[in-house]
Amino acid sequence: MNTKTILQETENGLFPPSKVMLDIRDLKKVYPTSKGDYIVLENLNLKIMKEEFVTIIGHSGCGKTTMLSMIAGLNPISGGNIAVLGKHIKGPGPDRGVIFQSPSLMPWMTSLQNVLLGVKKVFPHATKSQRKDIAKYYLQKVGLEDSFYKKASELSQGMQQRVGIARAFAIKPKVLLLDEPFGMLDSLTRGELQDILIEIWNKEKITAVMITHDVDEAIFLADRVIMMTSGPKAKIGDILDIGFERPRTRKSVLEHNDYYTYRKHLIDFLEH
């Protein structure tokens, strides 16, 4: 399917409703200023399918993080609406897990306690040992089986982000929102965490929406890459369908004939 067809289907709402996990319609965000309204986003329409991994790229200031925080329910919507499985969102909720660029852990709590914070809220009727098993399971998945009882303040930035990933998956959200989660990490740690993220995602198949500045990361992780126009009044400028089979490895992606075609497409968009 070519880019224009996908963009048209996104705008015209031709996706089957039963397959749509996240439905963003005519989204608008306005910040009032002393010089009048500043319109960050306008007429933004996007449908994201169940079990789809979507990455979003665009220049700084194009409203990517604003859009993600609106989906998370952390930022009020100025116009339009956002629905998860057909239900309009009215604020934050356990159906949406968020992984931020900075892990935002409670520094005095252990890795296990940090993950349990969300698990307790989402599984209030589970026993104490069941909740602990869930938290431990996801901490093991991100490679922290030896750090259950280490305080967050004792962990490196990369290890803290592993706790953040475990915490987000542990609440079993319908939609996983990722705001440049690897943006502050060195390239080696970044690659390791991309692999961990995609390995857990392949098993859990949670709908994922991730903001990134990294073109290679956008291609490696995504089923579709959403390109946003520069602000103000930012909207979706183009959508690229990534045809690599899953599960995929970094080596197979880099060696694929289409890889550099995809890369050129994204860089050309960003340079215009």
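Each reported figure results from applying straightforward, stated rules to the coordinates on display, with no laboratory input. Just so we're clear, the structure is a prediction, and the values are computed from it rather than from any experiment. Because the Cβ atoms are built from the backbone with ideal geometry, glycine has one as well, and the counts that use them run over all protein chains shown.
Packing, as the average of other Cβ atoms within 10 Å across residues, places the peptides 116-125, 213-222 in the order 213-222, 116-125, highest first. Applying 0.36 nm per residue to the separation of GLN130 and SER60 and subtracting their alpha-carbon distance, the gain on full extension is 21.0 nm.
Just to confirm a number: summing +1 for Lys and Arg and -1 for Asp and Glu over residues other than ARG246 whose beta-carbon lies under 12 angstrom from that of ARG246, what do you get? Every neighbour counted, the sum reads -2.
Each Lys and Arg adds +1 at its Cβ and each Asp and Glu adds -1 at its Cβ; summed about the Cα centre, segment 129-226 shows a dipole of about 680 debye.
Ordered by the number of other Cβ atoms lying within 10 Å of each residue's own Cβ, fewest first, THR212, THR33 fall into the sequence THR33, THR212.
Exposure proxy for THR55, THR189, THR127: other Cβ atoms within 10 Å of each Cβ, ordered fewest to most, give THR127, THR189, THR55. Stretched out straight at 0.36 nm per residue, the stretch from TYR149 to MET106 would grow longer than its current Cα-Cα span by 14.2 nm. Here the chain carries DSSP beta bridges of which approximately 55% are antiparallel, counting only pairs with both residues inside.
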